[in-house]
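Notes for the one structure printed next.
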Amino acid sequence: MAVSRQSQIDAVELDSECYQLFQTQLNQSFTHLPINILKRIEPEISALLNLAVYVVPLYTTSRLVSHKLLGIEYSEKTASPLLQNKWYAYSFAIVGMKWISQRWSTLSPHILNESMMQPLLNTTHAAQFLSWLHLSAKIANLLNSLVFLKQGLYPTVLHRVLNLRTKLTDPNQPRSTDLSTLTRELLWHSFAVNNYFFIQYQYK
């Protein structure tokens, strides 16, 4: 039986809340440390938290914490011999890419030669490129949200790219949802998040 759109959105939000909870607790435990030390290792702390929330549960149980709470799991169609490679790609997208983006200013001189670095040193070009990437990501998220409302298969772009689909752990478990209300809530949620960005971008 297909997983409801509400459960899929809730799973994404629960994992995000779990990350925020870990981050809050960690920040409270480091309250008495100098701020400059925390700022210096902030990308590494973020990477470790992402590992704990998004990666470790997948490699140990093939389910995220939110999946256990909501009674869902990845379907057999995605639980194939290629699934391990998908976990590697998923881990790199969640942890690696974010860490690289945060550490790019430090890593780039060791990766790129001087001729390749010169365009990146132009702050105007760099700002335009980052703005373009940000806009492209928002457009992709908006389009994916619209398709998700129609098909109910992939709640995020990453799920779509890696073909990660979920199913109910116990299909016989009774569910009671107001589908008409649910559809309206999902529609408003998708457009509220994305329209805020487009309105802000338009009046820059």
Quiz item: Within the stretch 1-40, which residues are surrounded by 12 or more Cβ atoms within 10 Å (Cβ to Cβ) and of a type in the set (A, V, I, L, M, F, W, C)?
Solution: ALA2, VAL3, ILE9, ALA11, VAL12, LEU14, CYS18, LEU21, PHE22, LEU26, PHE30, LEU38
Self-check item: Any chance LYS86 is part of a helix (DSSP H, G or I), among the basic types (Lys, Arg), within 30 Å of SER7 (Cα to Cα) and modelled with pLDDT of 85 or more
Solution: no
Quiz item: When you look at THR78, is it at pLDDT below 90, of a type outside the set (Phe, Trp, Tyr) and either part of a loop (DSSP other than H, G, I, E, B) or closer than 23 Å to GLN102 by Cβ (or both), yes or no?
Solution: yes
Exercise. Quick one: LEU143 ticks every box in (1) modelled with pLDDT of 90 or more; (2) touching a strand residue (DSSP E or B) at 6+ places or on another chain (Cβ under 6 Å); (3) not charged (D, E, K, R) except a single one, so which number is it?
Key: (2)
Quiz item: Which condition number does GLU73 fail, the rest of (1) in contact (Cβ under 8 Å) with a residue 40 or more places away in the chain; (2) assigned to a helix (DSSP H, G or I); (3) surrounded by 13 or more Cβ atoms within 10 Å (Cβ to Cβ) being met?
Solution: (2)
Quiz item: Which of the residues belonging to the stretch 52-64 are without any contact (Cβ under 8 Å) to a residue 24 or more places away in the chain and part of a loop (DSSP other than H, G, I, E, B)?
Solution: SER62, ARG63
Exercise. Write out, first by first residue and then by second, each pair whose Cβ atoms fall under 6 Å of each other, whose residues are 6+ apart or on separate chains, and whose first residue, in the stretch 1-27, is touching a residue at least 40 places away in the same chain (Cβ under 8 Å) while the second is in a loop (DSSP other than H, G, I, E, B) and not hydroxyl-bearing (Ser, Thr, Tyr).
Key: MET1/PRO171; ARG5/GLY152; GLN8/PRO155; ILE9/PRO155; VAL12/PRO155; ASP15/LEU64
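The values are calculated or read from the model by the stated rules, or taken from the named source; none is laboratory data. Quantities reported herein were computed from a predicted structural model and do not represent experimental measurements. Please note: Cβ atoms are built from the backbone with ideal geometry, for glycine as well, and neighbour counts cover all protein chains shown.
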